[in-house]
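Scroll down for the structure; my scribbles are underneath it.
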């Protein structure tokens, strides 16, 4: 009886270990490209996919969106809103959607998804917003706790990509 319990416990532990090993591999099965956001206030972009490569840029914008264009083990080749590409550790990225206000002049944030909806306030270019998947040219945004709707054309990160879930 003790041997049978041991066998069951061993089998269960083996199954858990296998699931833990396969889970990160499954996360890399995501179609490319896809959107991610910087997880921390300070994130290093490197020349190559390892901490041994030199840092080319230090981002200081938590939540800023980046486009993941390539995967290599625990690293992601990303592109920012200016087209700059480099490698960032996957642990420094969050899969939450975000958008960056782009264009010239203030961007209208409206009470609803329509040009006819009242303007609630305006956001400056460079402001980071949490966004939900956009539809019909409008994105629901959350900027520092203030919610509203913004034209998808004014948000870098609003485009639907193959790897977005």
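FYI, it's all coordinate maths here, none of it is from the lab. This one's a predicted model, so the numbers in the text were calculated from it and none came from an experiment.
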The rounded separation in angstrom of the Cα centers of segment 110-165 and segment 36-77 is 24 Å
Which of rounded, prolate, oblate describes segment 99-156, given a ≥ b ≥ c as roots of the alpha-carbon gyration tensor eigenvalues and a/c under 1.5 marking rounded, otherwise prolate only if a/b is larger than b/c? rounded
Provide Rg and Dmax in Å for segment 34-96, with only Cα atoms included in the calculation. 10.1, 28
Considering only segment 99-156, percent of DSSP beta bridges that pair antiparallel, nearest 5: 100 percent
Under 8 Å for C-alpha pairs, at least 6 residues apart: give me the relative contact order for segment 34-96, rounded to a whole percent. 39 percent
So, relative contact order of segment 99-156 in percent, Cα under 8 Å, 6 or more apart, is 38 percent
